[in-house]
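Below is one structure, written out as structure tokens; the observations come after it.
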Amino acid sequence: MTYEQAEAYINEIPRFTKKNDLTHTNRFLEKLGNPQQGRQILHVAGTNGKGSVCIYLEHLLRSEGKSVGTFISPHLIVMNERIRINGVMVSEEAFLASFERAQQAAAELEQEGLAHPTFFEFLFGMAMKAFAGAGVEYVILETGLGGRLDATNCISNPQLTVITTIGLDHTQYLGDTLEKIAAEKAGIIKPGVPVLYMENPLQSVNRVFEEQALKLHSPCRKISKSAYEICTNPNKFIAFSCTNAYYEDTTWTVPNIADYQADNAYMALEAMRLLFGRDKHLDRWQKALGEAVWEGRMEEAAPNVYVDGAHNRNAIESFVDSVKIKKQDIVILFSAVEDKDYEDMIAYLCRNLKVQEFVVTTIQDARGTKAELLGNIFRKYTEVPVRVIDSIERAVDDVLERQNGRTVYCLGSLYLVGTIKKYLGRY
């Protein structure tokens, strides 16, 4: 079997299976030889920022000389992006080897009368098998959706759980209030296992995490924005300092222009402090963060052209906060998928950010929202020119041809980001 055939098989899974419970996932891992055993696992959930925290943790752990496997989603261009070993996505050969073992395990499950693993469950099993094969010491797991019922939550004994920013997303599955969504994310908290969570402006949301941690006797630490301050934010990186004496007078830099990445970087540092507090090496951590690039998150994909995966209201608000203080002439290239509240995102952009022009396009996916519909919604909320270009490639060519020194931000969906990165040849 080829890599392309394996990828096609995985993409077909949603058509012939159903959502499985965690008992099923554990049985799948048993068929794979329990590859999770013998590894120190860090489990990360949240609405926004969890992928960034995972990547920062990966760099920081590697600075300590640890071997690290990282399971993240979604991928931007190729599926093996989801499985990283020591900072590099697995090769097609390694991906295929894990696939063949997972396919065999899935067949064994079906012989027992059990359902085939889901798309995400299958990839999770593949990742754990790849990590075991590479003999990594640490595994960083990003939840796919929610937390309580997520396949990754079959891990019963992580070293640490981390919950990033909470916002309204996937409300049809997780609940229509922040408190309900927080409760789903809090499902990753395990008895006696330390948990870090990002402070929310709503105390009722914070109480969800505090009460669950108290119930399970889990040491709990709230991460507050007041724990650090932004020093500078030029066009290539952000710099911040921490108020906690543990970090001394170190200035931390992250190669990203989004202020909200300071939240994620600081959370990763606090996780490291819990894991290695007695043996801190701030100079190594400083270097590691300074080199931590996370593709598709406020990434400069071409000169003065940034791609950002903001795809819900909370992420759009953070995006606006990061760019509105810059003295720039801005063009926004936007698209979205149908199951997102794109009108809310569009309205917020139009009302809160000074933009010279909007360009809307259609994602070439079954869930892609038509550019004409998006264009009509933009025109409801702004008098700024709105250009509708159905093809992503033609839309990119259009904004580049007419860029004229302006800064272009491409956002609304990670599918859009992946397509643009591939088209620009920056991957």
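Where a number appears in this text, it was derived from the coordinates with a stated rule and is not lab data. All values derive from a computational prediction rather than experimental measurement. Positions of Cβ are backbone-derived with ideal geometry, glycine not excepted, and every protein chain shown enters the neighbour counts.
In a fully extended conformation the segment linking E300 and L216 would gain 26.0 nm over its present Cα-Cα distance, using 0.36 nm per residue. Sequence-distant contacts, meaning Cα pairs under 8 Å at least 6 residues apart, place the relative contact order of the chain at 15 percent.
Going by average Cβ density within 10 Å per residue, which order do the peptides 114-127, 321-334, 160-173 take, highest to lowest? Working shown, then result.
Working: 114-127: 23.4, 321-334: 17.6, 160-173: 20.9.
Ranked by mean Cβ neighbours within 10 Å, highest first: 114-127, 160-173, 321-334.
Give me the number: length gained by fully extending T23 to E291, i.e. 0.36 nm times residue separation minus the C-alpha to C-alpha distance, one decimal in nm.
Working: separation 268, 0.36 × 268 = 96.48 nm, distance 3.91 nm.
That works out to 92.6 nm of additional length.
Amide H to amide H distances under 5 Å link I163 with A45, L196, Y197, M198, where only residues 5 or more positions off or on other chains count and H is placed in the peptide plane. In region 11-42, whose amide N lies under 11 Å from the spot 7 Å out along Cα-to-Cβ of E110? List them in ranges. Hits in region 11-42 for E110 at 11 Å: 13, 16-17.
Rounded to the nearest 20 Debye, what is the dipole magnitude of the chain about its Cα centre when Lys and Arg each give +1 and Asp and Glu each give -1 at the C-beta?
Values: 47 positive and 55 negative charges, 137 e Å.
Once rounded to the nearest 20, the dipole reads 660 debye.
About the centre of its Cα atoms, region 1-160 shows a dipole size close to 400 debye [charges on the beta carbon of Lys, Arg (+1) and Asp, Glu (-1) only; nearest 20 debye]. Using the Cβ-Cβ distance between S91 and E383 with R0 set to 51 Å, the FRET efficiency works out to roughly 0.50. Can you give the % of DSSP beta bridges in region 299-424 that are antiparallel, to the nearest 5? Among the beta bridges of region 299-424, antiparallel pairing accounts for roughly 20 percent. Here each label is just a point 7 Å from Cα along the line to Cβ, and for Q364 and N34 those points are 4.7 nm apart.
Here the dipole of region 299-424 is about 300 debye; that uses its Cα centre as origin and unit charges on the Cβ of Lys and Arg (positive) and Asp and Glu (negative). From the alpha carbon centroid of region 169-187 to that of region 352-417 is 30 Å. Each listed q (0.09, 0.11 Å⁻¹) maps to a log10 I(q)/I(0) for the chain from the Debye sum over equal C-alpha point scatterers, namely -0.56, -0.86. Projecting label points 7 angstrom from Cα along Cα→Cβ for N11 and K280 puts them 4.8 nm apart.
Between K327 and C231, what FRET efficiency follows from the Cβ-Cβ distance if R0 is 22 Å, with the result rounded to 0.05? Let's see the in-between values first.
Values: r = 19 Å, r/R0 = 0.85.
For K327 and C231, the calculated efficiency is 0.70.
The modelled label-to-label distance for the pair L149/S67, using points 7 Å beyond Cα in the direction of Cβ, is 3.7 nm.
Quick one: compute the contact order of region 1-156, relative version, from alpha carbon pairs under 8 angstrom and 6+ residues apart, as a percent. Before the final figure, lay out each step's value.
On the way: 231 pairs, mean separation 60.0, N = 156.
The value is 38 percent.
With a/c under 1.5 counting as rounded, go ahead and sort region 186-267 into rounded, prolate or oblate using the C-alpha gyration tensor (a ≥ b ≥ c being the square roots of the eigenvalues; past the cut-off, prolate if a/b is larger than b/c, else oblate). The shape class here is prolate. What does the net charge come to around V254 if you take all other residues with beta carbon closer than 11 Å to its beta carbon, with K and R at +1 and D and E at -1? Overall, the nearby charge balance is -1.
Please compute the length gained on full extension between Q356 and Y3, using 0.36 nm multiplied by the number of residues separating them and subtracting their Cα-Cα distance. It would help to have the intermediate numbers written out before the result.
Working: separation 353, 0.36 × 353 = 127.08 nm, distance 4.36 nm.
Length difference between fully extended and current span is 122.7 nm.
Please give the calculated 222 nm ellipticity per residue for the chain, where each DSSP H segment of at least 4 residues contributes -39500 (n - 2.57) and the sum is spread over every residue; nearest 500 deg cm²/dmol? Intermediate values should be presented prior to the final figure.
On the way: 15 runs with 174 residues, N = 427.
Counting only the DSSP helices, I get -12500 deg cm²/dmol.
Selection among I392, F319, G368 by position relative to the dipole of region 299-424 gives F319 as farthest towards the positive end (Cβ unit charges, Cα centre). For the cross-link pairs K225/K326; K50/K215; K50/K280; K280/K324; K190/K422, the ones whose C-alpha atoms lie over 30 Å apart are K280/K324; K190/K422. Here, region 1-49 has an Rg and a Dmax of 14.7, 36 Å when only alpha carbons are counted. Beyond 18 Å, what share of the Cα-Cα pairs of region 299-424 remains, rounded to the nearest whole percent? Above the 18 Å cut-off, region 299-424 has 45 percent of its Cα pairs.
So what is the relative contact order of region 299-424, in percent, for Cα pairs below 8 Å that sit 6 or more residues apart?
Numbers: 226 pairs, mean separation 46.9, N = 126.
Answer for region 299-424 is 37 percent.
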